[in-house]
Amino acid sequence: MLLLDGKKGLVVGVANRHSIAAGCARALRNAGADLALTYLNDKARPYVTPLAEEVKAPLFLPLDVERDGQMEAVFEQIETFWGRLDFLIHSIAYCPKEDLHGPLSACSRPGFLQAMDISVYSFIRMAHLAAPLMRNGGALLTISYHGAEKVVDHYNVMGPVKAALESSVRYLAAELGPRGIRVNALSPGPIKTRAASGIAHFDELMDKARQNAPERRLVSIEDVGAMAMGLVSDLSRNVTGNIAYVDAGLHVMS
């Protein structure tokens, strides 16, 4: 029997077939899970459709977390179709380019609020909506980055944003633990994705990661997917409130 055979999961934040969420979706599907996928809007849909077909997602739904009612509609359709949810993968982060590329002290109020809303509050809202569907327990998983803990050049405002996300993981883990719902975060090393390309000097960041990581290599979306698969499985039934690094050991280096 496959590790996730019979499990029902929602993967949010696939940008294209090469995104971190896509690596997670493939690993989860290969482990036997049935998946629901979302796409941002009609413009983004053609980039996500190939993955939805690859993983045979029976639910392929629009979700813009800034649009009122869309998130609720996603969970309502999951309840109608499956009647339950076993795990959720949240892989959404955004900051306006002008705020991301500038110093933290110059970040605009609207830019900061939007970054927090999309990158952090969306996870909190999803936890609220997913919990009633996880009647027999479940797992919530989000994606962070080492810039939440240490200062990373050019990561700027997203450092405090990811720090808020990691704190939310801990508080949600404490809150939902009595209901058998586990909450964790993955913290991958730098991976060349569409989202990461918005960070200034990202190629330089990847080169430094390759040189400094104890394993002297970069990680892949497949590496992240493998860890996600383990964390949402019953093998991790006593693992919650954790930040799991998938970075070839880079985070231990000074």
* Asked: Which residue, of 219, 224, is within 14 Å of the chain's Cα centre (by Cα) and of a type in the set (Val, Ile, Thr)?
  -> 224
* To do: Tally the residues that are part of a strand (DSSP E or B) and touching an Asp or Glu at 6+ places or on another chain (Cβ under 9 Å), restricting the search to the range 107-141.
  => 2
* Structure fact -> All conditions in (1) free of Cβ contacts under 8 Å to residues at least 12 places away in the same chain; (2) of a type outside the set (D, E, K, R); (3) buried (at least 16 other Cβ atoms within 10 Å of the Cβ) are true of residue 171 except (3)
* Which numbered condition residue 192 fails, given (1) modelled with pLDDT under 95; (2) touching a Lys or Arg at 6+ places or on another chain (Cβ under 8 Å); (3) of a type in the set (D, E, K, R) -> (2)
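So which residues in the range 237-254 are among the polar types (S, T, N, Q), over 16 Å from residue 170 (Cα atoms) and touching a residue at least 24 places away in the same chain (Cβ under 8 Å)? Break it down stepwise before answering.
First, the residues of the range 237-254 that are among the polar types (S, T, N, Q): 238, 240, 242, 254.
Next cut, over 16 Å from residue 170 (Cα atoms) only: 254.
Of everything in the range 237-254, nothing turns out to be among the polar types (S, T, N, Q), over 16 Å from residue 170 (Cα atoms) and touching a residue at least 24 places away in the same chain (Cβ under 8 Å).
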* Would you mind stating whether residue 111 is crowded, with 18+ Cβ neighbours inside 10 Å, more than 19 Å from the chain's Cα centre (by Cα) and touching a residue at least 40 places away in the same chain (Cβ under 8 Å)? => yes
* Only residues that are within 17 Å of residue 200 (Cβ to Cβ) and among the polar types (S, T, N, Q): list them for the range 133-172, please. => 156
* Among the residues listed as 164, 139, the single one being under 27 Å from residue 87 (Cα atoms), touching a Phe, Trp or Tyr at 6+ places or on another chain (Cβ under 6 Å) and among the hydrophobic types (A, V, I, L, M, F, W, C) -> 139
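Could you check the range 50-59 and list, in sequence order, the residues that are within 19 Å of the chain's Cα centre (by Cα) and closer than 14 Å to residue 19 by Cα?
Residues of the range 50-59 that are within 19 Å of the chain's Cα centre (by Cα), as a first pass: 51-52, 55, 57, 59.
Scanning the range 50-59 gives 51, 52.
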* Structure fact -> Scanning the range 27-48 residue by residue, those surrounded by fewer than 21 Cβ atoms within 10 Å (Cβ to Cβ) and over 20 Å from residue 126 (Cα atoms) turn out to be 30, 31, 32, 42, 43, 44, 45, 46, 47
* To do: Run residue 136 past the list (1) in contact with a strand residue (DSSP E or B) (Cβ under 9 Å, 6 or more places away or on another chain); (2) of a type outside the set (Gly, Ala, Ser); (3) surrounded by fewer than 21 Cβ atoms within 10 Å (Cβ to Cβ) and report the number of the one that doesn't hold.
  => (1)
* Asked: How many residues, within the range 212-238, are touching a Gly at 6+ places or on another chain (Cβ under 6 Å), of a type in the set (D, E, K, R) and under 17 Å from residue 3 (Cβ atoms)?
  -> 1
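The values are calculated or read from the model by the stated rules, or taken from the named source; none is laboratory data. If you're wondering where the values come from, they're calculated on a predicted model, not measured in any experiment. Cβ: placed from backbone, ideal geometry, glycine included. Neighbour counts: every protein chain shown.
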